[in-house]
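A.B. asks: One structure is given below, represented as structure tokens, and several questions about it will come after.
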């Protein structure tokens, strides 16, 4: 849990989903991962951790916005398609403006 914390570019956030039914004996399940010890409710205790197996995750990527220019020199990028070009930059970022 972030609990009021923050994230930075390149941080990896891992997450899982836990659900519980109530008949007749509560069953607790997890999507993507496995518990260290089977819990008896979704109010997980430290005994359930660490979560093993395949865990979902995503990476915080840098953002891009504003006017970008492409020209041989003195611009934001010198190429559309070459290594380090505009398309490579756009594919590795999230858009936060026009």
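A.B. asks: Over the chain, with a Gaussian network built from C-alpha contacts below 10 Å, which listed residue (33, 52, 74) shows the highest mean-square fluctuation?
C.D. replies: In the Gaussian network model the winner is 74.
A.B. asks: For the chain, what does the helix formula give at 222 nm: sum of -39500 (n - 2.57) over DSSP H segments with n ≥ 4, over the residue count, nearest 500 deg cm²/dmol?
C.D. replies: So the helix-based figure for the chain works out to -1500 deg cm²/dmol.
A.B. asks: Please order 79, 63 by the number of other Cβ within 10 Å, starting at the fewest.
C.D. replies: Ascending number of Cβ neighbours within 10 Å: 63, 79.
A.B. asks: In addition: Which percent, to the nearest 5, of DSSP beta bridges fully inside the chain are antiparallel?
C.D. replies: Antiparallel: roughly 75 percent of the beta bridges in the chain.
A.B. asks: Here are a few candidate values for P(r) over Cα pairs in 10 Å bins from 0, in percent: (i) 18, 57, 25, 0; (ii) 16, 53, 27, 4, 0; (iii) 13, 27, 21, 16, 13, 7, 1, 0. Which one was actually calculated from the structure I just gave you?
C.D. replies: So the structure-derived entry is (iii).
A.B. asks: Still on this structure, please answer the following. For the chain, modelled as a GNM with alpha-carbon contacts under 10 angstrom, which of 40, 59, 22 fluctuates the most?
C.D. replies: 22
Every number here is computed from the coordinates shown, using simple stated rules; none is lab data. Because the structure is a prediction, the values reported are computed rather than measured. Cβ: placed from backbone, ideal geometry, glycine included. Neighbour counts: every protein chain shown.
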